[in-house]
Amino acid sequence: MGKTIVDKAARERIEKEVNTNFLVEAGAGSGKTTSLVQRMVYLIQSGTSTIDEIVAITYTRKAADDLKIRFQETLEKAWAKATNGQERLLLGNALQNMERCFIGTVHSFCARILRERPIEAGLDLNFKELEEEDDQEVLNEAWLTFIHHVQIEKLELLQEIREIGISDTGLFECLQTIKDYPEIRWVTKVVPKPALEGAFKALMQVVQEAKRFIPDTEPDKGYDSLQKSIISAVIKFRHMKQGNDAEIVDIFTIFDKELKPTYVRWNPASKEDVNYYYETISSLMEGTVRPLLQCWKEYCHPKLISFLFEALKEYNRIKKERSLLNFQDLLMYTTKVLRENAEVREYFQNKYKRLLVDEFQDTDPIQAEFMFYLTSENINEKIWTKCKPKPGSLFVVGDPKQAIYRFRRADIDTYNRVKDLIKSHGGDVLQLTMNFRTIDTVTTKLNEVFERLLPEQESAYQAAYRPLHSYHEDVGQLLSGIYQINVSSACTKKEDILHEDAVNIAWCIANYIKQGYQAKDFLVLTRYNEGITTYAQRIEEYRIPVSISGDITIGEMKEFKDLSILLRVFANPLDEVGILAALRGIFFGISDNELYQWKRAGGAFSLYAEHPELLDEKPEEKVKFALTKLCSYQKWVNRMLPSSAMEKIIEDVGFYPLLVNNQLGKRAYKGLMQILEALRAHEGANTTYKQGYELLDKLICEKTVVANIEGEENAVRIMNVHKAKGLEAPIVFLAHPAKMVSPEMGLNRHIRRQGDESEGYIAFFIREQFKNKELAIPPDWEQVKQEELRYLTQEEIRIVYVAATRAEKALIISSCAKDNKNPWASLLQVSEDNAITVPDDIEMECQQGQVVLIYEEYERNVNAINHWLEIGKMKTYDSWTPTENKEIFDPAIVLREAGGGKDWGIIIHQVLEKVVKGIDCTHYIKNIVRKYNLPAEREAEIWNYVQTFKETDVWQELQSAEEIHTEVPFAIKVTPGHPMYEQIQKSDTAGYPITIKGVIDLVYKYNGIWNIVDYKTDRLVNKEDYQLLTDYYQQQLDIYKQAWSQLSGKEQIQKRLLFI
């Protein structure tokens, strides 16, 4: 049953008034994409525009793909229904030229414009677009290059920030923020250095007096917060340098928090004495120290801004040198060329006459300027707010109630400004409030909530309330309306609440599937990324497929938690508790009862203790087997580098096959490989296993993988709210009722977009012990911070709105005992009368679907696999490489100078490869020197090698060579009777085929003849030994020559050694 479409008049105007500019505020589920597509079709059908004159801008690539499909389908339907011959012809031509209509993201459209007119934009004709990940890599490279540069050539820059107590190690994230806002003028102000000494002396005098009343022995319940601060300050004071302002600020910061005494934990003294010191310290902090701390942070701010701007110059230099443009560059260069060049603006206005923009509330503010320049009547107007769009040239769709991407530069101020401009320039603002997604039993209650949360009239911070008019009525389906699912009051910790909520939701989904629903009917939303893996794992336990979207921290996955427990054993092999935890984990799966039986029989949880001889029962054999495994792992740890040992352990326990059972498996495993690679890059010959493990554990906890796993089509979708924009599902769960982060946490910037110039305020923090430590603040930061907080607080309401309006039939909201940390708390009042009952024995039911492998079956499987492996070990072929099997040649024993070696050879080979390819090695050489921890002065030595190489005949011939190949790998299979087989045959080949493998440094064809070149970087003490070495390496070259002859089919091949 349906209702009257209350906004029918607005929809007709959208479709038919093609010469009016509109901003359409389309509520959730209002069919805004349908309206946009219908307008595009009518533009063509009415003969107003051809398909190549229409540009449709969307927020994401996926949305663009969906829009293309919708547009084509609607065109086809219109063509099929058309009775007018002219209309049918126009629609048919459009269908045949679909590819000429641009439908995509604003960044891809900007790239198209810039590629068409790069000269006018001041760009290299072959510029490259940077994806977000690649952009991050460039920034990281720039930061490392900058730090290395200042350490050598501009040490005073580094010294300046270190003198104010700031280390460069934690500043990369600060640089990231500044990089993301290239158009912003950051507000800062040079202030005089505050005098700290007087206040410091006064504070320390009181602190040292108060220290006398603190007992030397820590009380049973520990020192209170005031005592801890006093003790910490006294210790720091003993070791500080006199007059060091940074260390004074460090002590000030110890007391810059709420401190209260617990009187029973102090030495016997009157309560008045303790109160005196507490009040005196509090008074000093409030009246003197805190104002000084603020002055100090304002004093540090311009120094830090200046330092980061220098780093940013290096980032921009690299981009310019390599002709790289990130997303912001694409927007800014396009906007600039349209603003500054009237001829270019006119050209593209004639080419693209209709601009339609979707999801405008979440787009980049620079896009607003770009839109008005591309559609303006006056092509010479350079102030975008004065650009009046041509009639019908601009159509913008958005919903300010769904503006939730402020953290990604989206700005509701810009949205409101564009809205006012469209109205003032003769356009109109339309409202779409009819909801075609959600049934009325849901929307009626949601209207109650949002009428209370949203204002009647829009403000600078918030969109106005607009009711949801549901088209579909509830017809008494099995599950419809708004429900509540409760976590038991016994769960008080966040982890316990998360676990039980995941179990409850998994049970509900499994139960509803039994009643006829499909997995794809369910959407599970969390406010943050945290917990997504927990919900996925609980649902998968019912053998229900899941599809995950979002950035997932792999350290949250149970598999990685257990891996960390296992690897921790070898950091402290004497820790019996750690060994016990590993035995109970997923890799050995030994039960508490089996561990008890082992201990009772005299067994120890140790890698070094003797195992009891009398044990022959299966449970005890399992423990013995597991401990034997751990002992073998310990031997690997003792013999190998940490990364090698850990990688071997990970492979031996079958970690990858374990991950395959999880939807995140492949991406998570790739993340682990990247972590191991990072570990290898950081470790040196003296890196201990404990250091290696701690770094690995840290990287696992920090590593995120972009899941975005499509999975099966019929799967439960799980994601955070920001990934759910534009999505819908019959049944939506709002999950994780125990995490709500205050918008103030992490608030570090505020952008003001008023007038023609945007300015920003940024405060700098670093993360220390799970807290943000404030390093530097701009002037008036407290007032600016409160202003930004108003925006973020109102955005939280919009996030709830987006989450709640995804449901078609039923919305199920998670709740716990207190709900003070529940991000969905504002919705609970309309769901509390409709609670879902979950059985108490749900845990047992959840586990029934799991496959249990008994020990006997496990043993049979292992024996079968071992038999198969033994057969596989039988030798049927051999391999040989010239560089690793030099025993067939006579060894050349010569004296070599220091400074060479394998790493040096690798460096020279890699550099020469790039030189031959014509690549500028300036920054590559700097980076490779740092990578191998060589002194900076060896850069000049590498350049000398390059110059020497360029003075050889080889280099001259390369300039006119017909073909050039560098670092050419080859593999040739030879059998008995082949000339090469007899040359390289080893005593143990026994007639097996041999695969000859190698890498030739340089192969080029000059005057029709192939030339093979092998670089040598040997640094000999005695020059006469070069001939001996030449004879020695000639035998290796003979192998290369024969191999290339067989591969190329040519017999006339020249070979040469090149000692550089």
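A few points about this structure:
- Failed item in (1) in the same structural domain as Met640 (by TED's automatic domain parsing); (2) free of Cβ contacts under 8 Å to residues at least 60 places away in the same chain; (3) in contact with a helix residue (DSSP H, G or I) (Cβ under 7 Å, 6 or more places away or on another chain), with Ile513 passing the rest: (1)
For every residue, the table says whether it meets (1) assigned by TED's automatic domain parsing to the domain that holds Tyr517; (2) touching a residue at least 40 places away in the same chain (Cβ under 8 Å).
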residue: Arg543; (1), (2): yes, yes
residue: Leu563; (1), (2): no, yes
residue: Leu574; (1), (2): no, no
residue: Leu580; (1), (2): no, no
residue: Gly585; (1), (2): no, no
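- Glu377 passes every criterion in (1) modelled with pLDDT of 95 or more; (2) closer than 18 Å to Phe109 by Cβ apart from (2).
- Out of Thr177, Thr169, Thr188, sole residue that is exposed (fewer than 14 other Cβ atoms within 10 Å of the Cβ) and closer than 30 Å to Glu132 by Cα: Thr169
- Subset tally (residues that are among the acidic types (Asp, Glu) and in a helix (DSSP H, G or I)) for the range 768-798: 5
- Options Lys211, Lys201; residue that is surrounded by fewer than 13 Cβ atoms within 10 Å (Cβ to Cβ) and either over 25 Å from Ile166 (Cβ atoms) or more than 41 Å from the chain's Cα centre (by Cα) (or both): Lys201
- Selection within the range 916-930 - over 22 Å from Leu1058 (Cβ atoms) and either crowded, with 17+ Cβ neighbours inside 10 Å or not assigned by TED's automatic domain parsing to the domain that holds Gly901 (or both): Lys926, Val929
- Condition check for Tyr801: hydroxyl-bearing (Ser, Thr, Tyr), under 30 Å from Val503 (Cβ atoms), assigned to a helix (DSSP H, G or I) and in contact (Cβ under 8 Å) with a residue 60 or more places away in the chain: yes
- Among residues of the range 365-418, those that are more than 30 Å from the chain's Cα centre (by Cα), under 16 Å from Ala26 (Cβ atoms) and part of a loop (DSSP other than H, G, I, E, B), counted: 0
- Failed criterion for Ile505 (all others in (1) in a loop (DSSP other than H, G, I, E, B); (2) in contact with a strand residue (DSSP E or B) (Cβ under 9 Å, 6 or more places away or on another chain); (3) within 28 Å of Glu795 (Cβ to Cβ) hold): (1)
- The helices (runs of 4 or more DSSP H) falling completely within the range 897-1012 that include 1 or more residues that are closer than 22 Å to Gln1054 by Cα map to 902-916, 938-950, 953-958, 979-984.
- Residue identified as outside the structural domain of Ile54 (by TED's automatic domain parsing), under 30 Å from Glu377 (Cα atoms) and of a type outside the set (D, E, K, R) among Ala460, Ala464: Ala460
- Residues of the range 537-560 that turn out to be at pLDDT 85 or above, in contact with a Gly (Cβ under 7 Å, 6 or more places away or on another chain) and either of a type in the set (Val, Ile, Thr) or under 19 Å from Lys698 (Cβ atoms) (or both), as a count: 1
- Evaluation of Ile797 against (1) buried (at least 22 other Cβ atoms within 10 Å of the Cβ); (2) under 28 Å from the mean Cα position of the chain (by Cα); (3) farther than 30 Å from Leu293 by Cβ (one fails), failing number: (1)
- Single residue of Asn944, Asn933 found to be surrounded by fewer than 16 Cβ atoms within 10 Å (Cβ to Cβ) and at positive phi: Asn933
- Filtering Gly755, Gly760, Gly746 for residues that are of a type outside the set (Phe, Trp, Tyr), loosely packed, with under 12 Cβ neighbours inside 10 Å, assigned by TED's automatic domain parsing to the domain that holds Ala817 and within 26 Å of Tyr415 (Cα to Cα) leaves a single hit, Gly755.
- Filtered residues of the range 16-37 (kept if under 20 Å from Pro391 (Cβ atoms) and surrounded by fewer than 20 Cβ atoms within 10 Å (Cβ to Cβ)): Lys16, Glu17, Val18, Asn19, Thr20
- Reported count of residues in the range 1016-1054, each being under 14 Å from Lys1005 (Cβ atoms) and among the basic types (Lys, Arg), is 1.
- Contact annotation: residue pairs with Cβ atoms under 8 Å, 6 or more positions apart or on different chains, pairing a residue in the range 1039-1060 that is touching a residue at least 24 places away in the same chain (Cβ under 8 Å) and under 21 Å from Glu951 (Cβ atoms) with a partner that is part of a helix (DSSP H, G or I) and among the charged types (D, E, K, R), are Lys1055/Asp1038; Lys1055/Lys1041.
- Meets criteria (modelled with pLDDT of 80 or more and assigned to a loop (DSSP other than H, G, I, E, B)) for Ser644: no
- Residue-level analysis places Ala9 outside the set of residues that are surrounded by 21 or more Cβ atoms within 10 Å (Cβ to Cβ) and of a type in the set (Gly, Ala, Ser).
- Reported count of residues in the range 238-266, each being farther than 21 Å from Glu774 by Cα and either crowded, with 17+ Cβ neighbours inside 10 Å or outside the structural domain of Thr288 (by TED's automatic domain parsing) (or both), is 3.
- Looking only at the range 230-276, residues that are at pLDDT 90 or above, among the acidic types (Asp, Glu) and not in a loop (DSSP other than H, G, I, E, B) come to 3 in all.
- A search for C-beta distances below 8 Å between a residue of the range 472-493 that is more than 27 Å from Lys821 (Cα to Cα) and any residue that is at pLDDT below 90, counting only pairs 6+ apart in sequence or on different chains, returns His472/Met1; His472/Gly2; Glu473/Met1; Glu473/Gly2; Glu473/Lys3; Val475/Met1.
- Any hit, the range 115-136, residues being among the charged types (D, E, K, R), in contact with an Asp or Glu (Cβ under 7 Å, 6 or more places away or on another chain) and touching a residue at least 40 places away in the same chain (Cβ under 8 Å): no
The values are calculated or read from the model by the stated rules, or taken from the named source; none is laboratory data. Computed from a prediction, not measured in an experiment: that's the story for all the values here. Cβ sites come from the backbone with ideal geometry, for glycine too, and all protein chains shown count toward neighbours.
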